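The structure under discussion appears below in the form of structure tokens.
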Amino acid sequence: MTETNREHLSSLMDGELERGARAFVLRRLSNDDELSGRWRRYHMVRACLQRELRSGADLTARVAAALGEEPVMPQPSAAARWLKPVGGAAIAASVAVFALVGINSSLLERGQPEVLAEQPGFVSQPTPFDWSFAQPLVPVSFSETTAADRQRISGYVLRHNQAAGSVGFVSYVPIVVGTRTPPVVDDGDAGVGTLTAER
Amino acid sequence: MGRSLGVFLLALILFGAAFNVQADDEVDQWLDRMVRAIETLNYRGTLVHMRDGHVDTLRIVHRADEDGIRERIVSVDGPPREVLRDGNQVRILLGGDQSMVVEGGIGSRLLPNLPPNRLSRPILAYRMSFGGTERVAGLYARVLEIRPRDQFRYGHRFWLEENTGMLLRSALLDHEGNYLQHLSFVSIDLGVPIGASELEPELSVSDAVEIKMSPVSAETPEAAAELQRPSWTPRMLPDGFRLASVSHGFNSEGQEFEHLLFSDGLASFSVYIKAARPEDGPDSERIDAIGPVHVFSGTVEGHRVTVVGEVPSATVAFVAQQLHRRESESDDR
């Protein structure tokens, strides 16, 4: 780990790298374990500073964090109807769901459909089928997703996987891969999602 | 003259149609061969999964014999995890500090799987054709292209081993033909004997949290029509998608939800509806992405709606917008 690498990493965190350098560092990140470990630690430190522990080192920390964020305690008896934990691990079980699916989520927010209003008259009227495509999706930070959201989404993804196997191609790739913390940059402009969109 | 031209054109059209039917049949046969090969052959190999510049390496061992199908998938990169499969029962082991075992009937597979009695011919929503022959993991493969007819679903490209139809590489593509993710064998031993020891887990998870997933008891649409019609339905659906099942479940907070599953034969998405509560927070709309899987969350008629599927973000958003509550029993489907 050279000093230059560290500088690059911290510039990337702050969204101060120009596009070429950004692509280079991101490429290195996916190949270099030490670098990606440091990247994760940087984010962890930042997350802690922002009082949001996103990737707990152990389950107990995750449980504690999740419980802290949730106003309502899950009722073990009710939870058991969906996920039957063995031996009173009910609280951990609800947290387990998102540890299992490992959401490397990038949250997308919908922009305003400005284009629609300005269309000249000769363009055929958009149908509801076009509507979905008219609104651009803007990637925003994952940190806005609460533990409760992640848990809900993971539970639903898992159930979809459970049920959908008999009707088409559903891969459990989300379960087998992808627990890695993604290089998500909080500053909107320098986000990896933006980078992907530019490609 | 005009008549003979007409006859000629008619012949041409008929020939073209027959040719198309033949091509579709051939595609169908290859899809069947693929699914059969994936399930019934013995193999061991190393796979790489590529998405957004990330590479994950997986090892797979698959055995099919009179005792049924057994499979073991080990992730070589990242946190140690293993997936063990015995028939339809799947056991997922997560190692490391947060060791955990999750067990249950999970219908999905790592390699694509199609049921023998397909809901609808996926050909309706996709254009299927053969590409050339390419070499993957040292074997020659036919390339099968599956292109969606609209933007509401992804396309696939399959590399199928020439003799067995075994899937050697699969790619997920968007409507424009850009790659979204790749799953590819880098080495594979086909048709080899697999010893029992190869199917034993390497991970020791003795003090792990054990979680059992209860099965989803879903009604087929026909049964659901008699027992419990879905109380929600989309006004419009993208072409080719049909209701595949209706079920009910409870989330981790004990709240009941309705679960509708839609499929076009290849792609599928789930719609979950539950009553909104003040604790659920503001009625904001959002879309989460887990690779190519998109999740729409929002509120419709005082209910929290979540749409999940390996489909483009526009699809989950569109379906959620189209949802409405059925008014009465006389309401026609």
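No lab work stands behind these numbers, since they all come straight from the coordinates. Just so it is clear, the model here is predicted, and its values are computed rather than measured. Using ideal geometry, Cβ is built from the backbone for each residue, glycine included, and neighbour counts are taken over all protein chains shown.
Between B:VAL186 and B:SER284, the contour length at 0.36 nm per residue exceeds the alpha carbon distance by 30.9 nm. Once the Cα-Cα distance is subtracted from the 0.36 nm per residue extended length, the B:ASP32 to B:ALA275 segment shows a gain of 83.3 nm. Computed from backbone phi with θ = phi - 60° and the Karplus coefficients 6.51, -1.76 and 1.60, the 3J(HN,Hα) list for segment B:229-240 is 6, x, 8, 10, 7, x, 5, 10, 10, x, 3, x Hz; x is used for glycine and proline.
Taken along the Cα-to-beta-carbon direction at a fixed 7 Å, the label points for B:GLN255 and A:ARG28 span 4.6 nm. On the beta carbon distance between B:ASN163 and B:LEU199, with R0 = 25 Å, the FRET formula returns roughly 0.50. Shielding by partners for peptide A:148-156, expressed as the average number of C-beta atoms from other protein chains within 10 Å of each residue's C-beta, is 6.
Distances between placed amide hydrogens fall under 5 Å for B:ALA137 paired with no residue 5 or more residues away or on another chain.
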